[in-house]
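Asks: This is the structure, below, for whatever I ask next.
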Amino acid sequence: MNRAHDDQSAYAARRERLLATLPEGEAMLLFAAHHHLRNGDAEFRFRQLSDVLYLTGWEDPDAVVLLRPGADEPFVMWVQPKDEEREIWTGIRAGPVGAVERFGADAAFAVDELDKMLGERLVGVHTLHYAAATDAETDRRVLAAIAKVRRKARDAFDVVPDAFIHPSRVLHEMRLVKDDRELTLMREAARITCEAHVAAMKAAGDGVFEYELEALIDYTFRGQGGNGAGYTSIVGGGANACILHYITNREPLHGGDLCLIDAGCEYAWYTADVTRTFPVNGRFTEPQKELYQAVLDAQLAVIEASVPGARFWELHQLAIRKLTESMVALGLLEGEVDALIEDKSFKRYYMHGTSHWLGMEVHDVGSYVSGGESRAMEPGMVFTIEPGLYVAPDDEAAPERFRGLGIRIEDDILITEDGHEVLTAACPKTIEEVEAACQG
Ligand code: GLY
Ligand code: MN
Ligand code: MN
């Protein structure tokens, strides 16, 4: 199941749905990702564009997909051609024959043929669902292909594309609501992720380096069939937890400090996104407990409110309110909660969003707005709830006992027909559970 192309029927069903959604005269054109170099001529491991994976399961670079309802051949691919010599170096290619026989394309060609062929395939299409203005060279090729057939199309009283719609309008709306197969994969990503966090809690201790915990997490992700981390893991001991995107992960941990880990396994191209904050030596101090409980209370309140119809923005506002109330109760802020929210004083200690969509991307696709309002939750949507409190080590306005503490608690939530499911519920979260896991 961890190989994306194992289950072709799921991709065929999605293409059918997409083709049924597009009116005649519209088509979708997707360009797969390219290889990227890390440094010199050393390559990053290839990761396909999620839109291409979602509709085809095709895992090789430099492919092009055209979906056109009503055409004789509605699903056409241009792919890397077979090349015995290159395949010795970089692996077996499915090639155009494989694209038809194994991936269900109605027709497939070598990608070098694209510039010659694309225009003809777009005659009769007036609106192209295509990510224009993403890559200048790709735009140039698409526009050149259209220009080449414009006159011929006009003489035949036909049309060529003169309108472009970003795939976010149709395809990303589909991706936002997860199907059963996707939820199976996301549950597996969540399961492995929880196991990795528990392993890190157990392995932490005075003098252990942040990178050792990162390595253990990577080992757990890869060792259980995941692709690895869905985003670069954050392992921050002590005040490093206050650096929101801390990914250097190279300091030793100190007993008495907290450690914040934000790490999620990508499994069959779906990622989890989990944060836990725990005491390095297995016991929270009193100030750590106070701040931790404040974040946990806010997180539980937002989870509780996560039901069909709840609006994305309302959930964020609820997190802000709960956290601001705690900031006042703990002496971090002074004043009326409403005023501190209104003038954004809370941002001193809570400066990021509470949620984002989750799926093939850690910050997944799908609009946060609908009908001029913040998006209402629907069954099948998956998102994170990740409140936090961060007190900079040099914040002289904060009570001394909280300085240098950074805490975030993040879970992955699926909206169901009658409420929600916490996909990452297996990861220890209460003070007692976390201490037990650290000492386990
Ligand atoms: N790990 C990135 C995030 O929590 O949004
Ligand atoms: Mn997140
Ligand atoms: Mn995260």
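The values are calculated or read from the model by the stated rules, or taken from the named source; none is laboratory data. Source: prediction; values computed, not measured. Here Cβ is always computed from backbone atoms with ideal geometry, including for glycine, and neighbour counts include all displayed protein chains. For accessibility, only protein heavy atoms count, side chains too; no ligands or nucleic acids. Shrake-Rupley method; radii C 1.70, N 1.55, O 1.52, S 1.80 Å.
Asks: Within the group THR430, THR416, THR424, which residue is in the same structural domain as TYR349 (by TED's automatic domain parsing), within 16 Å of ligand 1 (Cβ to nearest atom) and modelled with pLDDT of 95 or more?
Replies: THR424
Asks: On the given criteria, is GLY264 within 13 Å of ligand 1 (Cβ to nearest atom), touching a helix residue (DSSP H, G or I) at 6+ places or on another chain (Cβ under 6 Å) and open to solvent by less than 30 Å² (accessible area, probe 1.4 Å)?
Replies: Considered against the rule, which asks whether it is within 13 Å of ligand 1 (Cβ to nearest atom), touching a helix residue (DSSP H, G or I) at 6+ places or on another chain (Cβ under 6 Å) and open to solvent by less than 30 Å² (accessible area, probe 1.4 Å), GLY264 comes out as yes.
Asks: So, one more: Give the range 161-178 a look and list any residue that's within 16 Å of the chain's Cα centre (by Cα) and not basic (Lys, Arg), or say none. Steps first, please.
Replies: Applying the first criterion (within 16 Å of the chain's Cα centre (by Cα)) to the range 161-178 yields 168, 171-178.
Listed by number, the residues that qualify are SER168, LEU171, HIS172, GLU173, MET174, LEU176, VAL177.
Asks: With a cut-off of at least 1 residues that are within 19 Å of ALA27 (Cα to Cα), name the helices (runs of 4 or more DSSP H) lying wholly within the range 93-189.
Replies: Those helices (runs of 4 or more DSSP H) span 114-122, 136-155, 171-176.
Asks: Now for a different question. Out of THR285, THR324, I need the residue that is more than 30 Å from TYR11 (Cα to Cα), away from ligand 1 (no atom under 16 Å from the Cβ), of a type outside the set (Lys, Arg) and crowded, with 23+ Cβ neighbours inside 10 Å. Which one?
Replies: Numbers: THR285 fails: crowded, with 23+ Cβ neighbours inside 10 Å.
One residue alone meets the criteria, THR324.
Asks: When both residues are 6+ apart or on different chains and their Cβ atoms are under 7 Å apart, which pairs have a first residue that lies in the range 97-122 and is at pLDDT 95 or above, and a second that is surrounded by fewer than 20 Cβ atoms within 10 Å (Cβ to Cβ) and polar (S, T, N, Q)?
Replies: PHE103/GLN8; GLY104/GLN8
Asks: For the range 297-308, state whether one or more residues are in the same structural domain as HIS363 (by TED's automatic domain parsing), within 16 Å of ligand 3 (Cβ to nearest atom), outside any strand (DSSP E or B) and open to solvent by 10 Å² or more (accessible area, probe 1.4 Å).
Replies: Within the range 297-308, one or more residues are in the same structural domain as HIS363 (by TED's automatic domain parsing), within 16 Å of ligand 3 (Cβ to nearest atom), outside any strand (DSSP E or B) and open to solvent by 10 Å² or more (accessible area, probe 1.4 Å).
Asks: Just checking, how many residues over the range 349-378 are more than 11 Å from ligand 1 (Cβ to nearest atom), more than 26 Å from THR56 (Cβ to Cβ) and touching a residue at least 24 places away in the same chain (Cβ under 8 Å)?
Replies: 9
Asks: Is at least one residue of the range 162-170 closer than 28 Å to GLY371 by Cβ and open to solvent by less than 20 Å² (accessible area, probe 1.4 Å)?
Replies: Yes, the range 162-170 contains at least one residue that is closer than 28 Å to GLY371 by Cβ and open to solvent by less than 20 Å² (accessible area, probe 1.4 Å).
Every residue, every condition in (1) away from ligand 2 (no atom under 12 Å from the Cβ); (2) closer than 21 Å to ALA319 by Cβ, yes or no:
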| residue | (1), (2) |
| --- | --- |
| TRP357 | no, yes |
| GLU361 | no, no |
| GLY366 | yes, yes |
| MET381 | yes, yes |
| GLY404 | yes, no |
| ILE407 | yes, yes |
| ASP412 | no, yes |
| LEU423 | yes, yes |
| ALA426 | yes, no |
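Asks: Also, I was wondering about something else. Being more than 16 Å from ALA203 (Cβ to Cβ) and more than 13 Å from ligand 1 (Cβ to nearest atom) is the filter here, so list the residues in the range 216-240 that pass it.
Replies: Within the range 216-240, ARG222, GLN224, GLY225, GLY226, ASN227, GLY228, GLY238, ALA239, ASN240 meet the criteria.
Asks: Can you tell me which of ASP180, ASP206 is surrounded by fewer than 16 Cβ atoms within 10 Å (Cβ to Cβ), of a type outside the set (Lys, Arg) and closer than 17 Å to TYR11 by Cα?
Replies: Going through ASP180, ASP206 in turn, the sole match is ASP180.
Asks: Quick test for you: out of GLU290, GLU334, GLU342, GLU325, pick the one residue that is touching a residue at least 24 places away in the same chain (Cβ under 8 Å) and away from ligand 2 (no atom under 16 Å from the Cβ). Spell out how you get there, then give the answer.
Replies: On the way: GLU334 fails: touching a residue at least 24 places away in the same chain (Cβ under 8 Å); GLU342 fails: touching a residue at least 24 places away in the same chain (Cβ under 8 Å); GLU325 fails: touching a residue at least 24 places away in the same chain (Cβ under 8 Å).
Result of the check over GLU290, GLU334, GLU342, GLU325: GLU290.
Asks: Show the residue pairs that are 6+ apart or on different chains and have beta-carbon atoms under 9 Å apart, the first residue being within the range 407-424 and more than 14 Å from TRP357 (Cα to Cα) and within 15 Å of ligand 3 (Cβ to nearest atom), the second being of a type in the set (Lys, Arg) and open to solvent by 10 Å² or more (accessible area, probe 1.4 Å).
Replies: ILE409/LYS429; THR424/ARG191
Asks: Among what's in the range 84-119 and is touching a Pro at 6+ places or on another chain (Cβ under 9 Å) and hydrophobic (A, V, I, L, M, F, W, C), pick the residue that is surrounded by the fewest Cβ atoms within 10 Å (Cβ to Cβ).
Replies: The selected residue is ALA110.
Asks: In addition: For the range 268-282: of the residues being within 30 Å of the chain's Cα centre (by Cα) and either outside the structural domain of ILE192 (by TED's automatic domain parsing) or away from ligand 3 (no atom under 16 Å from the Cβ) (or both), which is most open to solvent (accessible area, probe 1.4 Å)?
Replies: TRP269
Asks: Same structure, new question: Which residue out of GLY236, GLY256, GLY223 is open to solvent by less than 50 Å² (accessible area, probe 1.4 Å) and either more than 16 Å from ligand 2 (Cβ to nearest atom) or aliphatic (A, V, I, L, M) (or both)?
Replies: Going through GLY236, GLY256, GLY223 in turn, the sole match is GLY256.
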